[in-house]
Amino acid sequence: MKLQQLRYALEVYRHNLNVSEAAEALFTSQPGISKQIRLLEEELGIQIFIRSGKRVVSVSQPGKAVLDISERIMRDVQNIKNIGSEFTDHDSGTLTIATSHTQARYALPQIVAEFVKRYPKVRLTIKQGSPSAIAQMVSTGEADMAVITEKIDDHPELSKLPCGEWNYAVIVPQNHPLLDCKNPLSIEDLASFPLITYEFAFNEGSSIARAFAKARLPQPEVALSAADTDVLKTYVKLGLGVGVMAKMAYDTRQDQDLQLVDASHLFEPSPIWIALRSDTYLRGYTYDFIELFAPQLNREAVDRLLYAPIVEDFSI
């Protein structure tokens with residue numbers, strides 16, 4: 001059994017059982033991957049993948065167990081490499097961060113600029129996606145950490161470090177009827193217009209969904225949902241609807257043709273977390289990035305949150 005064989009099997013699984021895509025990601029040949037996985041299966045005496053002709057169509061039950069253990073093995077191998085690198089070359093390496101477009105565009109630029117200045121030898125990568133996608137990236141090791149603003153309860157293997165909160169705001173074009181409201185904006189006012197907001201805005205448990213449910217209002221008409229805040233603002237400018245977005249994404253210079261309406265009284269603040277696996281060895285520069293993003297999370301605080309011993313209550 002070789003680590004390479006485990007890596008090949010995992011990559012096929014991560015690419016939705018597409019051997020060609022796995023080979024491309026690993027810069028090797030499809031026949032080479034297939035041969036090594038066959039050799040591994042022969043050694044174990046089981047089928048990891050179920051095939052139909054030459055196509056891989058599913059994962060067998062024992063195969064799933066093998067892949068789960070293989071994933072842990074590969075994480076531990078990377079942790080060992082990280083430990084060695086920390087002492088032989090502490091200021092170089094890689095750091096991959098998964099986050100949403102809004103955080104990447106509006107919250108992270110200054111932090112990234114300072115980090116790159118401190119660690120010019122570290123190759124920093126930022127991957128964007130939906131909340132579920134970025135949580136999955138950290139879970140599988142595709143990213144080292146996620147800056148996330150939505151619930152990730154379906155990923156118990158991830159630890160969440162609290163970093164603060166962000167608020168929603170409403171944006172409308174100049175001279176929009178909503179600007180004529182003399183009283184503070186109400187949820188009923190908002191519900192009378194088509195909305196343009198994030199794809200996850202009406203997911204169960206989101207601040208927006210809770211606000212409409214609390215007011216006993218049905219989900220309003222959503223003219224457009226987008227993952228990209230800049231796309232959201234573009235369609236608000238075209239008059240397709242009222243925008244509901246992160247307040248931090250409003251730029252007084254670039255968005256002069258839009259009006260910002262405070263909505264902090266309508267929607268609860270949304271928490272911001274850094275999510276990572278507690279079984280990952282963190283490089284020194286990873287601690288520094290976390291502290292740059294959330295100054296209260298120094299190394300001691302991160303270790304306390306990640307590695308606090310579980311106290312079991314045996315009382316009856």
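I'd like the full set of residues that are open to solvent by less than 50 Å² (accessible area, probe 1.4 Å), outside any loop (DSSP other than H, G, I, E, B) and closer than 22 Å to ARG75 by Cα, limited to the stretch 21-55.
ALA22, ALA23, ALA25, LEU26, ILE33, GLN36, ILE37, LEU40, GLU41, PHE49 - these are the residues of the stretch 21-55 that are open to solvent by less than 50 Å² (accessible area, probe 1.4 Å), outside any loop (DSSP other than H, G, I, E, B) and closer than 22 Å to ARG75 by Cα.
Look at the stretch 2-20 and say how many of its residues are touching a residue at least 40 places away in the same chain (Cβ under 8 Å), open to solvent by 30 Å² or more (accessible area, probe 1.4 Å) and part of a helix (DSSP H, G or I). Break it down into steps so the answer makes sense when it comes.
Just the residues of the stretch 2-20 that are touching a residue at least 40 places away in the same chain (Cβ under 8 Å), to begin with: 3, 6-7, 9-10, 12-14, 17.
Subset that is open to solvent by 30 Å² or more (accessible area, probe 1.4 Å): 3, 7, 13-14, 17.
With part of a helix (DSSP H, G or I) added as a condition, the list becomes 3, 7, 13-14.
Going through the stretch 2-20 one residue at a time, the tally reaches 4.
Tell me, which residue of the stretch 160-208 that is open to solvent by 60 Å² or more (accessible area, probe 1.4 Å) and either β-branched (Val, Ile, Thr) or under 18 Å from the mean Cα position of the chain (by Cα) (or both) is nearest to LEU292 (Cα to Cα)?
PRO162
Which one is surrounded by the most Cβ atoms within 10 Å (Cβ to Cβ) among residues in the stretch 67-93 that are modelled with pLDDT of 80 or more and under 19 Å from TYR119 (Cβ atoms)?
GLY93
Where in the stretch 92-159 are the strands (runs of 3 or more DSSP E), entirely inside, with at least 1 residues that are at positive phi? Don't jump to the end; show me each part of the working.
Details: elements: 93-99, 122-128, 145-148.
The qualifying strands (runs of 3 or more DSSP E) are 93-99.
Against the conditions (1) open to solvent by less than 30 Å² (accessible area, probe 1.4 Å); (2) of a type outside the set (Gly, Ala, Ser); (3) over 29 Å from VAL242 (Cβ atoms), where does THR149 fall short? Just the number, please.
(3)
Can you work out which of the residues in the stretch 290-316 that are buried (at least 20 other Cβ atoms within 10 Å of the Cβ) and under 19 Å from SER139 (Cα atoms) is modelled with the highest pLDDT?
Checked the stretch 290-316; the qualifying residue modelled with the highest pLDDT is ILE290.
The values are calculated or read from the model by the stated rules, or taken from the named source; none is laboratory data. What you are looking at is a predicted structure, and each value in this text was computed from that prediction instead of being measured. Cβ sites come from the backbone with ideal geometry, for glycine too, and all protein chains shown count toward neighbours. When the accessible area is computed, the model is the full protein with side chains, heavy atoms only, and any ligands, DNA or RNA have been set aside. Shrake-Rupley method; radii C 1.70, N 1.55, O 1.52, S 1.80 Å.
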